[in-house]
Amino acid sequence: MPLAGHCHCGGVRLSVAAEALLGAGYCHCSICRRLSGAPVNAWVAADPAALAVEGAPSWYRSSPHGRRAFCPNCGSQLWYAPDDGSFVTINATVFDDPEAPALRPGLHIFTADQLCWFEIADDLPRSPDGTLPG
Ligand SMILES: [Zn+2]
Ligand SMILES: [Zn+2]
């Protein structure tokens, strides 16, 4: 069963096979913060070949390394695509069932940028930069 999701207005829909998911986590970087409007961004990484999209997202170059897809109508942030095409990270909260076990965050990244008033209350691995532990 693919995991399906959509932007707030429903103009852009996406789905991805559960087998194509590569892990999930929280990002504390300043780019995710500004673009999401939230202190952290919950993401799930996936094989880009497995991401199916209906509708026409707009793109924003958020860094020299990649771009973000968002809905041109409602502005929902949908996913990040690095230029090298090695993966995508989809915003986990756009899925119809964001509590699906496959979407449960397993680590924190960019905790060097973590806001001082945001307290992490779990024992998940933490990476100060984007380097994945292990
Ligand atoms: Zn929309
Ligand atoms: Zn980030």
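The values are calculated or read from the model by the stated rules, or taken from the named source; none is laboratory data. All values reported here derive from a predicted model rather than from experimental measurement. Neighbour counts are summed over all protein chains in view; Cβ atoms, including those assigned to glycine, are modelled from backbone coordinates with ideal geometry.
Taking the stretch 34-104 as the region of interest, the strands (runs of 3 or more DSSP E) fully inside it that hold 3 or more residues being within 16 Å of ligand 1 (Cβ to nearest atom) and modelled with pLDDT of 95 or more are 58-63, 66-70, 77-82. Going by what's in this entry, would residue 26 be described as assigned to a strand (DSSP E or B) and touching a His at 6+ places or on another chain (Cβ under 8 Å)? In short, yes. So if I check each of 51, 107, which one is hydrophobic (A, V, I, L, M, F, W, C) and free of Cβ contacts under 8 Å to residues at least 40 places away in the same chain? Within the list 51, 107, the selection yields 51. When the test is whether a residue is touching a Gly at 6+ places or on another chain (Cβ under 7 Å) and surrounded by fewer than 20 Cβ atoms within 10 Å (Cβ to Cβ), residue 39 does not pass it. Of all residues in the stretch 1-15 being within 11 Å of ligand 1 (Cβ to nearest atom) and part of a loop (DSSP other than H, G, I, E, B), which is nearest to the chain's Cα centre (by Cα)? Per the criteria, the residue is 7. Consider the stretch 71-80. How many of its residues are farther than 11 Å from residue 94 by Cα, out of contact with any Ser or Thr (no Cβ under 6 Å at 6 or more places or on another chain) and not small (Gly, Ala, Ser)? Matching residues across the stretch 71-80 total 3. Would you say residue 12 is touching a residue at least 60 places away in the same chain (Cβ under 8 Å) and within 13 Å of ligand 2 (Cβ to nearest atom)? Considered against the rule, which asks whether it is touching a residue at least 60 places away in the same chain (Cβ under 8 Å) and within 13 Å of ligand 2 (Cβ to nearest atom), residue 12 comes out as no.
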